[in-house]
Every structure is written in structure tokens, then in C-alpha cells.
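These notes are about the structure you will find just below.
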């Protein structure tokens, strides 16, 4: 019972964090800040998926979180390369 309350509280905290990152993406000036906020939002979304898997007691969300983590890493590297060099594929 107390674990359910703790999970709901962390849902609220990570949900608020996702909203703050979304606000930062919308209102920021530079591209670097937007990429950093997007990467942080991906990490928070992964945490929300893991929490949802804990709440339901299923393991499928953990595997989905791993896939999203890999995609988030690749997209962050691609954005960083684009900012530094102007192209992604050489």
C-alpha cells in the first residue's frame, strides 16, 4: 500500500519534470539548450515507463524502456554531430 503511494508520488514528480522540459524546449533560445532538454525529457520518459511497469508488475515496459534509451542516445549523438559539423552522415 505504501509502495503504491510512493509510485504515484514519483509519477507526479517525473510528470512535472517532463512538463518543465517541454516548456524549456518551447521557450529556449539556443539549439543546444533544446537538445539538452529533449535528452532530459527522454530520460524522464524512460523513468515513467519503468515506474508504470513496477505499478502493473509486468516486464514488457522494462524492455520498451531499454529500446527507447538506445534510440534517445543515438538521437542525442546525431543532434550533437549536426550542431558541430552541419551534417550527420559523412
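Taken together, the values in this text are just the output of simple stated rules run on the coordinates, not laboratory data. Predicted model, so just to flag it, every value in this text is computed and none were measured. Note: ideal-geometry Cβ built from the backbone for every residue, glycine included; neighbour counts use all protein chains shown.
Observations, loosely collected:
- Hits in the range 15-47 (condition: crowded, with 17+ Cβ neighbours inside 10 Å and over 20 Å from residue 74 (Cβ atoms)): 17, 18
- Breaking point among (1) within 20 Å of residue 15 (Cβ to Cβ); (2) surrounded by 13 or more Cβ atoms within 10 Å (Cβ to Cβ), for residue 78: (1)
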